[in-house]
Each structure stands twice: as C-alpha cells, then as structure tokens.
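Asker: Sharing a structure, written as structure tokens. Questions coming.
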Amino acid sequence: MAEFRFEIIEHLGVIGSPRDGWTKEVNIVSWNGAPAKVDIRDWDSTHDRMSRGITLTEEQAHLLCKVLKERYEA
C-alpha cells in the first residue's frame, strides 16, 4: 500500500462526536501535496488517524451550502 501524506491547512469546526475520543470535523486539507480541499471526516484526538470521509472542491462546497440552505431555511 502506498504511503500518503496529509496536512490540515485550516480547521473549520467540529460538527459531531460520533465515537469516544473522535470528532467529526470540517477542515481544509491537502492530500499528498495536492491543492487543499474542504474535507469532512472523523478524526482521533491527535489527528493521526482518520475515518473515510468526503472531500469537496470550493465549487462543490458552495453548491452543498446552497442545497442545505434551501432545505433547512425554507
């Protein structure tokens, strides 16, 4: 299995605590030196281990906000 690198560029917030000591977070993350993207996933308390998650481009994140706003502010 190939090694991968990540760097949390900016922590945007915690949106839940699904497991003991882990938190579901929204961050801006660069994976393997690529341009940073919006990232949503569970992290352990030291940010050494993570669950599977989703990454979004800036455009996708804006569209997600629009869709959620339409659903929850209507």
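Asker: Hey, what number do you get for the chain at 222 nm if only DSSP H runs of n ≥ 4 count, each worth -39500 (n - 2.57), divided across all residues, to the nearest 500?
Answerer: Helices in the chain give a 222 nm mean residue ellipticity of -6500 deg cm²/dmol.
Asker: Which percent of the accessible area of the chain is formed by carbon and sulfur heavy atoms (probe 1.4 angstrom)?
Answerer: Reported share for carbon and sulfur atoms: 53 percent.
Asker: Continuing with this model, one more query. May I have the convex hull volume per residue, in Å³, for the Cα set of region 7-74?
Answerer: Per-residue hull volume (Cα only) is 92 Å³.
Asker: Here is a further query. Mind checking which lysines have their C-alpha under 18 Å from Lys37, skipping anything on the same chain fewer than 8 residues away?
Answerer: Lys24, Lys66
Asker: Considering only Thr57, His47, Ile9, whose Cα is most displaced toward the positive end of the charge dipole of the chain, charges sitting on Cβ of Lys, Arg (+1) and Asp, Glu (-1)?
Answerer: Thr57
Asker: Expressed as an acute angle from 0 to 90° and rounded to the nearest 10, what is the orientation of the C-alpha long axis of helix 58-72 relative to the principal long axis of the chain?
Answerer: Its long axis makes an angle of about 50 degrees.
Asker: Based on the alpha-carbon set only, what is the convex hull volume of region 1-40 divided per residue, in Å³?
Answerer: Per residue, the Cα convex hull of region 1-40 comes to 87 Å³.
Asker: Check the straight Cα-Cα distances from Lys69 and name the aspartates and glutamates below 20 Å, setting aside those fewer than 8 residues away within the same chain.
Answerer: Once the sequence-local aspartates and glutamates are set aside, what remains near Lys69 is Glu25, Asp39, Glu58, Glu59.
Asker: Kindly provide the chymotrypsin sites (Phe, Trp or Tyr not before Pro) of region 18-53 that DSSP labels as loop, not H, G, I, E or B, and whose Cβ sees at most 12 other Cβ atoms within 10 Å.
Answerer: none
Asker: Moving to a separate point now. Counting other Cβ atoms within 10 Å, keep those with at most 13, restrict to DSSP loop, and tell me which trypsin sites (Lys or Arg not before Pro) in region 1-32 are left.
Answerer: Sites meeting the loop and neighbour criteria: Arg5, Arg19.
Asker: Among Val38, Val26, Val14, which one shows the highest mean-square fluctuation when the chain is modelled as a Gaussian network with alpha-carbon springs under 10 Å?
Answerer: Fluctuation is largest for Val14.
Asker: Quick one: putting +1 on the C-beta of Lys and Arg, -1 on the C-beta of Asp and Glu, what dipole do you get for the chain around its Cα centre, in Debye to the nearest 20?
Answerer: 220 debye
Asker: Of all GluC sites (Glu not before Pro) in region 24-74, which ones are in loop regions per DSSP and have a Cβ with at most 10 other Cβ atoms within 10 Å?
Answerer: Glu73
The values are calculated or read from the model by the stated rules, or taken from the named source; none is laboratory data. Here the structure is a predicted model, which means the values were calculated and not measured. Glycine also receives a Cβ, built like all others from the backbone with ideal geometry; neighbour counts cover every protein chain displayed. The protein model used for the area step is the full one, side chains on, heavy atoms only, and it has no ligands, DNA or RNA in it. Shrake-Rupley method; radii C 1.70, N 1.55, O 1.52, S 1.80 Å.
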